[in-house]
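The values are calculated or read from the model by the stated rules, or taken from the named source; none is laboratory data. All of these numbers come straight from a predicted model, not from anything done at the bench. For neighbour counting, all protein chains shown are included, and Cβ atoms are generated from backbone atoms with ideal geometry for every residue, glycine included. Ligands, DNA and RNA are excluded from the accessible area calculation, which covers all protein heavy atoms including side chains. Shrake-Rupley method; radii C 1.70, N 1.55, O 1.52, S 1.80 Å.
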Amino acid sequence: MTERKPPGVDFETWADLQIREAAERGEFSNLPGFGKPLPGLDRPYDDMWWVKEKMRRENLSFLPPSLVLRKEAEDAHAAALGARSEREVRSILAAINEKIAAGLRRPPPGPPLNLTLFDVEDVVRAWRDEREQKGERDGQGEPAV
């Protein structure tokens, strides 16, 4: 649509003509998603749909920093309980405890942090108990500890 609109021709008519001619030339045939239904068409309309879609596509978060840290702590605890060795458990907890300590020294913006440092020995004990119940062993045939 690089041509200028001729004088005296209604803009809508001129635009429709340009689109029809481009379609006849097949310029719309190989576009991504051609012939496929529009995603999310059955969902209720949301003014911020495009922002939410971009955030989902780019794996962005809109949570305040304090809630992000809470989620990290929750994920770290789950990862520690699922770790393959005691060393890995301690490493995961040391990393998240460092972040929590920084958050307690200088609270991040958002809702209250409501976190305390993980008691490493308690989590290691829970990790060991879970392993014993499952009868898991490490790579050398010894109980995973």
- Query: Residue-wise, which Karplus ³J(HN,Hα) couplings in Hz belong to the stretch 15-31, taking 6.51 cos²θ - 1.76 cosθ + 1.60, θ = phi - 60°, and x for glycine or proline?
  - Reply: 5, 4, 4, 4, 5, 4, 5, 5, 5, 5, 6, x, 6, 9, 6, 10, 6
- Magnitude of the charge dipole, the chain, Cβ model with Lys/Arg +1 and Asp/Glu -1, debye to 20: 320
- To the nearest whole percent, what portion of all C-alpha pairs in the chain is separated by more than 17 angstrom? 76
- Message: Using 0.36 nm times the number of residues separating residue 54 and residue 98, minus their current alpha carbon distance, what extension gain do you get?
- Response: 12.7 nm
- Task: For the chain, build the charge dipole from Cβ charges (+1 Lys, Arg; -1 Asp, Glu) around the Cα centre, then report which of 55, 124, 28 sits farthest towards its positive end.
- Result: 124
- Item | For the stretch 44-124, size of Cβ-based charge dipole, Lys and Arg +1, Asp and Glu -1, in debye | 260
- Taking r as the C-beta separation of residue 134 and residue 30 and R0 as 35 Å, the FRET efficiency to the nearest 0.05 is 0.05
- Once normalised by the length of the chain, the mean sequence separation of its alpha carbon contacts under 8 Å that are 6 or more apart gives a contact order in percent of 19
- Message: Could you compute how much accessible surface residue 28 exposes when probed at 1.4 Å, giving the result in Å² to the nearest 10?
- Response: 90
- Under the 7 Å Cα-to-Cβ spin-label approximation, residue 74 and residue 45 lie apart by a distance in nanometres of 3.4
- For the chain, dividing by residue count, accessible area per residue (probe 1.4 Å) in Å² works out to 80
- Would you mind checking the radius of gyration and Dmax of the stretch 1-73 based on alpha-carbon positions, in Å? 21.3, 67
- Just tell me which lysines come within less than 30 Å, Cα to Cα, of residue 99; anything on the same chain fewer than 8 places away is out. 52, 54, 71
